[in-house]
Amino acid sequence: MENTISLYVAPYIADWLVHHFGEPVRFPNGSPENVMLRYYTSKRAPEQVEHPRHTRPVRIILPDHPYKRAQYYCHLSDKNRGKFCRMLSELFKAQLWTDNVRLLTSRTEIKDGLICWCRKNGVGTQHLDTVTKIFYRARLRYQRAGLAEM
């Protein structure tokens, strides 16, 4: 049996994670995500209780390591849980930007391109507004730095 933790993330990130890594989420061996999980997990103190922070739980399989066995090191503190969620959010944003930066110079409408991207990456179209806002914020940051066209 594999040890898992429940991580509460934004619904669009949960959709994306499950689409790319399965249910429960299994990151590839040796991936940066597994390294971060190994780094952030600790032994559970008996009085600590996990509680949801966002709206959608995602089960994540904990990696096993000779020095940190998953059956013992299976707790993420609130601080480390937040750091890991931010890392997953940044991964999502990086993939969104790199997959769709070509939309800035193509004749395709950005909204149509983002709809296609959501469908290809398992993100529900009910989250299209959020995904669009994330893309436009990234575009604005790159425009201010002089790295993206209008």
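Nothing in this text is a laboratory measurement; each read-out follows from the coordinates by a stated rule. These numbers were taken from a predicted model, which means no experiment stands behind them. In this analysis, Cβ positions are derived from the backbone assuming ideal geometry, glycine residues included, and neighbour counts consider all displayed protein chains.
A few notes on this one:
- Between residue 106 and residue 86, the contour length at 0.36 nm per residue exceeds the Cα-Cα span by 4.1 nm.
- Distance (nanometres) between label positions extended 7 Å along Cα→Cβ at residue 6 and residue 99: 2.7
- In nm, spacing of pseudo-spin labels at residue 137 and residue 74 (7 Å Cα→C-beta vector): 3.4
- Once the Cα atoms are used to define both axes, helix 128-144 deviates from the longest principal axis of the chain by about 70 degrees.
- For the chain, the square roots of the Cα gyration tensor eigenvalues, ordered a ≥ b ≥ c, give a/c of at least 1.5 with a/b greater than b/c, which places it in the prolate category.
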